[in-house]
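Here's the structure, in structure tokens; my notes come after.
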Amino acid sequence: MIRFPSGAGVKLALLGPAMAAIAGIGLLSIMDAVIKHASASHSTPQIAAMRYVCGTLIAFAVFRALRTPWPSRATLRPHMWRSVVVAATALSFFYALAVLPLAVVLALSFTAPIFIALFAALLLGERPDRTIIFALVLGFAGVLVVLWHEVEGAGAGNAWGLAAALTSAVTYALSMVALKSRAAHDPLPTIVLLQNLLPAFIIVPLAVPSWTAPAPSELGTFLIIGALGTGGHLLMASAYKRADASRLGVFEYTAFIWAVGIGFFAFAEVPSMSTLAGAALIVGGALMASRRPSSAPEPDVEIGP
């Protein structure tokens, strides 16, 4: 079991890396649905700014409650670089959510595990074995079974949205690999606080030109978005602290399972047979990746300038 600093051993340590990653992806998937709802009334930069400002408030409360030591200058530098990647991911993904169907955005975002495995090999020296590679292919095949027609239908629609979705997949993968390089060194509350605070400094100025005053009820929505994002990132940081990035990447496919559940319970959407068949492949790939034991040595490399 991991020893968390300053009594931060909470119940995160009781979750295995796979379960922590799946739960974290679930919270972030719910957050995506709420963001898509909010995008009807506000610009992408404003939504991203409010998401990280509210996330900072909640992350800071967790940081202080756990009495985590203040980060040093040496800690801040790599997180400052990573915050640029996180901000780019948020802006591109939120824009894609605003202009494309959720299914299409999810389909393109599921290319992220491929990039995670690639970046982990190039930057961290991880060498995913054949089982992981096959699991990635199996999961991606499941995505294609479910979402092939949606992606094909949107191809001629919004080129900028498609480009944004693909960009977010690449930058998200890079941010997760960078997270792996820091998770071995920094306390989880510090990682999540800086992951909210630093991107907020980058995005808030970009939101000013298109800012519209949110209604009181919308402030509650933004707080919910911030809470979901903070909780999801705490779980993801916990998972990446204890397992290889390439091994955890395959669990990104479970976001589709969360999306099916959200659609069914929130919007009474009944999944089709192709949806169920694709979901079976996705789950099969995730289970295959989780069955093999993994050691997660602390990486000796630092990602970023």
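The values are calculated or read from the model by the stated rules, or taken from the named source; none is laboratory data. What you see is a predicted model, and the numbers here were worked out from it, not measured in a lab. Note: ideal-geometry Cβ built from the backbone for every residue, glycine included; neighbour counts use all protein chains shown.
Summary table below
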read-out: Every pair of residues 6+ apart whose Cβ atoms lie under 6 Å, when the first sits in region 46-68 and is over 16 Å from residue 205 (Cα atoms) while the second is surrounded by fewer than 19 Cβ atoms within 10 Å (Cβ to Cβ); value: 58/227; 66/6; 67/6; 68/6
read-out: Extreme residue, surrounded by the fewest Cβ atoms within 10 Å (Cβ to Cβ), among residues of region 72-110 that are farther than 16 Å from residue 33 by Cα and small (Gly, Ala, Ser); value: 74
read-out: Unmet requirement for residue 274, which otherwise passes all of (1) surrounded by fewer than 17 Cβ atoms within 10 Å (Cβ to Cβ); (2) under 22 Å from the mean Cα position of the chain (by Cα); value: (2)
read-out: Odd one out for residue 61 among (1) assigned to a helix (DSSP H, G or I); (2) of a type outside the set (S, T, N, Q); (3) at pLDDT below 90; value: (3)
read-out: Close pairs from region 240-263: first over 22 Å from residue 191 (Cα atoms), partner hydroxyl-bearing (Ser, Thr, Tyr), Cβ under 7 Å, at least 6 apart; value: 255/29; 258/29; 259/29; 260/275; 262/29
read-out: Boolean, residue 262 is more than 30 Å from residue 138 (Cα to Cα) and β-branched (Val, Ile, Thr); value: no
read-out: Residue within region 41-53 that is over 23 Å from residue 231 (Cβ atoms) and within 15 Å of the chain's Cα centre (by Cα) present; value: no
read-out: Test: residue in region 294-303 that is at pLDDT 75 or above and either loosely packed, with under 14 Cβ neighbours inside 10 Å or touching a Cys at 6+ places or on another chain (Cβ under 7 Å) (or both); value: no
read-out: Residue ID - modelled with the lowest pLDDT, chosen from residues in region 1-33 that are surrounded by fewer than 17 Cβ atoms within 10 Å (Cβ to Cβ) and more than 17 Å from residue 66 (Cβ to Cβ); value: 16
read-out: Residue in region 223-256 that is modelled with the highest pLDDT, counting only those that are closer than 16 Å to residue 115 by Cα and out of contact with any Asp or Glu (no Cβ under 7 Å at 6 or more places or on another chain); value: 251
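Conditions tested, residue by residue: (1) modelled with pLDDT under 85; (2) surrounded by fewer than 20 Cβ atoms within 10 Å (Cβ to Cβ).
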{"residue": "135", "(1), (2)": "yes, no"}
{"residue": "158", "(1), (2)": "yes, yes"}
{"residue": "162", "(1), (2)": "yes, no"}
{"residue": "167", "(1), (2)": "no, yes"}
{"residue": "177", "(1), (2)": "yes, no"}
{"residue": "191", "(1), (2)": "no, no"}
{"residue": "204", "(1), (2)": "no, yes"}
{"residue": "208", "(1), (2)": "no, yes"}
{"residue": "212", "(1), (2)": "no, yes"}
